[in-house]
Amino acid sequence: MFKNNILLHRIQRIVKNSWPTFFGLLLIVFFLSYAVTAFSARSDIITTKVTEMAKENNVEDGCFESVFKLNKSEIDKIKDLGVQIQENFSVCFTLDNATLRVFKNRDNIDLVALDQGSYPNKGEIVLEKLYAKEHNYTIGSSLKIGDKDFIISGIGSSPDYDKVKENMSDLVSYPDIFGTAFVCDDDFNNYIAKSPDGQSMIYTYAYKLQTPEDFTKLKNLTDTFVYDARQSNDKNINELVNEVYTPIEKLQNDISLLVVATNQIKDGTQKLEDGAIYVSEEAKKAIDFVNSMSDPIKKDANNVFKNIEHVLGFLNNEAIDAIADKGLITKEYAAKLKTEVNDAKQEVQNVKDEYTNLLNSINELSNTVLNITSQYKQSISQLDDGVEKLNENITNMQHRVNDVIDTYVVINLPKISLIIPASENTRILNSVNQQQIFLDLIPIILFFVFTLLAYILGIFIQNQIENDQVIIGSMYALGVKKRNILIQYLLIPILICLTGSILGLIAGSSSIGSGAALIETTSKYSFPEIHQTITPFIVLEMLIIPVCIVFLVNIFLIYSYLNKPCLSLLQKKTKNKNIKLPKFINKLSFNKAFQIGHIFRHKSNSLIMAFGIFVCLCFVMCGLNSAAFCMNNIEKTKTATSFEYQAFLKYPTNNIPSNCDAYVGTAAYLDIDNNPQQVYVIGVEDKDEIKVNAKKDGITINKDLAAKYNYNIGDTIVLGSQDKNYRSAFIIDNIIDNGYGFYAFMKANTLREYLGFRQNTYNVLMSQYPINIDHNSIAAQTSKRDIVTMSESFFDDNKQTILTLLIIPIIVLVIAVYLITSIVIRKSQFSISAMKLFGYRNKEVYKLYLKPNNFNVLIATLISIPIGKSLTVFLYSNVTKTLPFCPDYSYSIWIYLIMVLVTFLCYKLVEYFLKKKLNNISMNDIVKTRD
């Protein structure tokens, strides 16, 4: 290939003679390689390594939480689907002014990965690494949980808590107030689960699926797991249960009272029947007694009446007169005696009549009593039979009502409070997901990098070939093959590209590159320790792809020259270019006309410089867009978030804590390109600060949602469930500036109808103060502090990358503009020498050859900024289209002015060095032999 090393020596001479140029190219390649490596290495390492380690530790395919522990039958049903299941039960304890969630050590799914120490035995505990670091715990330290001391045997992490958040709905993690720990089975079962110092048990189950489609089967199965609402300890559920069961219990109590009353009546009628029998028997005895006594009395009475009548019969008038005649009594007394005797006889007759009547009455009374007692006994017996049947019917009714209530009026609530695949669990692989935006940006950055790299290298190789046309023709004439010449000119850019890429790759992957960003990331996420490495992907994108692109671009450029005839190369023939200058140039002074002519004569180089400025400014705007995205996001979270604290309740309630604004809310989903985008729908009352004018089928949306998807008033928006089981279409009545993220608003009663809520109930609380409510009643909660912290954390994580995107392109811009302008000066070296020969001073030469570039740079910058801004925003918008808010990439007009000023200052720096280059061109150069 390099016969007698002739061509190899020529390459050495080329490099030696043009080493400043090649060193500048090497710096460009180095800085571009460093920028991309520092930009992508951290994201690639985290994405690759964390994912691999999560698989090694058998990360779950998902999990679900149950209100109560599943019974054996329910677990067996899950296993029958081919699903592996593991109990990840936990209990929370308060210590060190923080919450520590204690699990039993895992043996299958979500295995604990240790950074230090060993797995726990009895009396030992393993702490999550971020919590241990925050609270200064080390191996061998003692940790008191309740009244039991544990020795820290290990420090590590678990793949189900990559982002150590107390609740999945939390936006950020705080290692100072929450962490996880793991103990052995004996300690968990015998102490942790029974400790009075702990909170209620959290029944979490991790699962592994055979196929992703099994998730639907598992969810359908777990939906059938229910429990009686009356077993719940949740205050809001108890409130709901009381509303439903209070009238039912009242009905049951009333029926029970009715059963008791009929039993009492039954007892009374039994007593009445017994009394009636007694009365009847006593009356019969009395009548029998009277009858037994009436005959002697009647006989004696008749004898008495006969004796009285017999005695009175002797005292008749004749006897009284005879006595009076005999003078035994006086006439007057005889008359009086007659009267009295007659009266006595009449009285005896009256008594006799009354006695007869009395006897008749006694007989009638006896007969009546016998009839009454017989009828009373019969009626009481019938009453007793009726009461018996009534009691039996009411008792049966009570049983039937209880059966109906037990069958149809039982409130069965889902036992599974949450089931979620790992892909939707914000604790799992959160560190990987956070890098996704930047991973999506890598192709954009690589496009600009490789385009700029190949273009700059191609320009200089093309310029080198143009200068070497005679030499190439001579080599053709001497019999050197085209292949050898081609390799000679390909070798230099490939070596420059390869050397610069290797150096940039090493620097970008070191502690001064992605290493610092990696350390920052590992301080916020809990995954096994990662060492700085170079992944195959980074090697591919930083070594192989650039070399291949440079090879293809340069071989195309070189072939276009090597295909010329040998004689044409030896004569260094070039196409005559008729440069048409503007007509107004004739009216200008010589200096002005020369400067404009210089621009037109070297317009190709001007375009090359403009393209280099454009690509570098696109780089800068990528950094500015990222910075604006982060800073505007932080500012928006501070201004658009109207609450300090927000809580979504598991169940609606009408018991609103003090200092809280209550709303009705639900999470709906907007289907965008088969990617469900979450929208929070809030129902508001007329008295609320949030004002909506939505009709029954109307809805009000916030500006974020309208801007993201180009909604206008009058458009139709379709919202539904995530699984698309139901959808509803609404007409957008209004667009308001409220809420961070995607929000929609409608009348509270309208939303209650959609959700099936009771009137005057709410499930969303917002407040400017901490919300005082039972933790078990909260489905999700957040605070303004969490939202702002999340935005600030995202900026902190990527601050170094943003600085890299801002600084490296400026360095590349300086070098590229210098090299490109050097080509123009080298091509104009003959004319510059002539100008000096004719007496032009260096200062005047600067104005003629360098000052026109000020105009070129200014125009290129002014054109590149709006085009680059539009292009990068378009690319960023496609990358961030799945974000749950509308990114804002705008920044102040002063930033644009600063960009123009910095670009111009960069050229002024280049101009300073170019002046020295011009000073080195002497008037003697014109008389030297050129070819």
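The values are calculated or read from the model by the stated rules, or taken from the named source; none is laboratory data. Given the structure is predicted, the values throughout are model-derived calculations rather than measurements. Note that we place each Cβ from the backbone using ideal geometry, even for glycine, and neighbour counts take in every protein chain shown. Please note that ligands, DNA and RNA were not included when accessible areas were found on the heavy atoms of the full protein model with its side chains. Shrake-Rupley method; radii C 1.70, N 1.55, O 1.52, S 1.80 Å.
The table for this structure:
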quantity	calculated
Residues located in region 175-219, provided they are among the small types (Gly, Ala, Ser) and over 23 Å from the mean Cα position of the chain (by Cα)	Ala181, Ala193, Ser195, Gly198, Ser200
Some residue of region 837-859 being small (Gly, Ala, Ser) and touching a residue at least 40 places away in the same chain (Cβ under 8 Å)	no
Qualifying residue in region 157-174 (condition: open to solvent by 10 Å² or more (accessible area, probe 1.4 Å) and free of Cβ contacts under 8 Å to residues at least 60 places away in the same chain)	yes
Residue match in region 119-134 (condition: more than 21 Å from Leu95 (Cα to Cα) and either under 25 Å from the mean Cα position of the chain (by Cα) or surrounded by 15 or more Cβ atoms within 10 Å (Cβ to Cβ) (or both))	yes
Some residue of region 860-871 being on the phi < 0 side of the Ramachandran plot, in contact (Cβ under 8 Å) with a residue 60 or more places away in the chain and either among the polar types (S, T, N, Q) or in contact with a His (Cβ under 6 Å, 6 or more places away or on another chain) (or both)	yes
Lone unmet requirement of (1) open to solvent by less than 10 Å² (accessible area, probe 1.4 Å); (2) modelled with pLDDT of 80 or more; (3) assigned to a helix (DSSP H, G or I); (4) of a type outside the set (Val, Ile, Thr) for Lys636	(1)
Residue satisfying condition, being within 30 Å of Leu806 (Cβ to Cβ) and at pLDDT 80 or above, within set Thr37, Thr48, Thr99, Thr94	Thr48
Residue match in region 812-821 (condition: surrounded by 19 or more Cβ atoms within 10 Å (Cβ to Cβ), in contact with an Asp or Glu (Cβ under 7 Å, 6 or more places away or on another chain), over 30 Å from Ala667 (Cβ atoms) and modelled with pLDDT under 80)	no
Some residue of region 765-787 being hydrophobic (A, V, I, L, M, F, W, C), open to solvent by less than 20 Å² (accessible area, probe 1.4 Å), more than 19 Å from Leu649 (Cβ to Cβ) and within 31 Å of the chain's Cα centre (by Cα)	yes
Residue list for region 55-69, restricted to those being buried (at least 18 other Cβ atoms within 10 Å of the Cβ) and either at pLDDT below 90 or in a strand (DSSP E or B) (or both)	Gly62, Cys63, Phe64, Ser66, Val67
Residues that are among the charged types (D, E, K, R), open to solvent by 70 Å² or more (accessible area, probe 1.4 Å) and at pLDDT below 75, drawn from region 822-842	Arg826, Lys827
The lone exception for Ala516 - which of (1) open to solvent by less than 40 Å² (accessible area, probe 1.4 Å); (2) at pLDDT below 70 it fails	(1)
In region 715-733, the residues that are at pLDDT 85 or above and of a type outside the set (A, V, I, L, M)	Asp715, Thr716, Phe730, Asp733
Filter pass, Gln86 being open to solvent by less than 60 Å² (accessible area, probe 1.4 Å), in a strand (DSSP E or B) and either within 25 Å of Ile177 (Cα to Cα) or touching a residue at least 12 places away in the same chain (Cβ under 8 Å) (or both)	yes
Residue count for region 534-562, restricted to those that are polar (S, T, N, Q), modelled with pLDDT of 70 or more and open to solvent by 50 Å² or more (accessible area, probe 1.4 Å)	0
Hey, Ile442 in contact with a helix residue (DSSP H, G or I) (Cβ under 7 Å, 6 or more places away or on another chain), open to solvent by less than 70 Å² (accessible area, probe 1.4 Å) and modelled with pLDDT under 75 or not	yes
Pair list, Cβ < 9 Å and 6+ apart or interchain, from region 530-544 residues that are more than 30 Å from Leu114 (Cα to Cα) to residues that are open to solvent by 50 Å² or more (accessible area, probe 1.4 Å) and modelled with pLDDT of 75 or more	Met542/Ile502; Leu543/Leu498; Leu543/Ile502
Check on Asp107, surrounded by 14 or more Cβ atoms within 10 Å (Cβ to Cβ), more than 30 Å from Leu413 (Cβ to Cβ) and more than 27 Å from the chain's Cα centre (by Cα)	no
Meets criteria (surrounded by fewer than 16 Cβ atoms within 10 Å (Cβ to Cβ) and either among the acidic types (Asp, Glu) or within 30 Å of Thr216 (Cβ to Cβ) (or both)) for Asp686	yes
Some residue of region 608-627 being in a helix (DSSP H, G or I) and modelled with pLDDT under 75	yes
Entirely in region 699-818, the strands (runs of 3 or more DSSP E) that have 1 or more residues that are under 30 Å from Val164 (Cα atoms)	743-747, 762-767, 778-783
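Here is a yes/no grid of residues against (1) closer than 20 Å to Thr204 by Cβ; (2) of a type in the set (S, T, N, Q); (3) assigned to a loop (DSSP other than H, G, I, E, B); (4) modelled with pLDDT of 90 or more:
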| residue | (1), (2), (3), (4) |
| --- | --- |
| Leu127 | yes, no, no, yes |
| Ile139 | no, no, yes, yes |
| Phe150 | no, no, no, yes |
| Gly156 | yes, no, no, yes |
| Met168 | yes, no, yes, no |
| Tyr174 | no, no, yes, no |
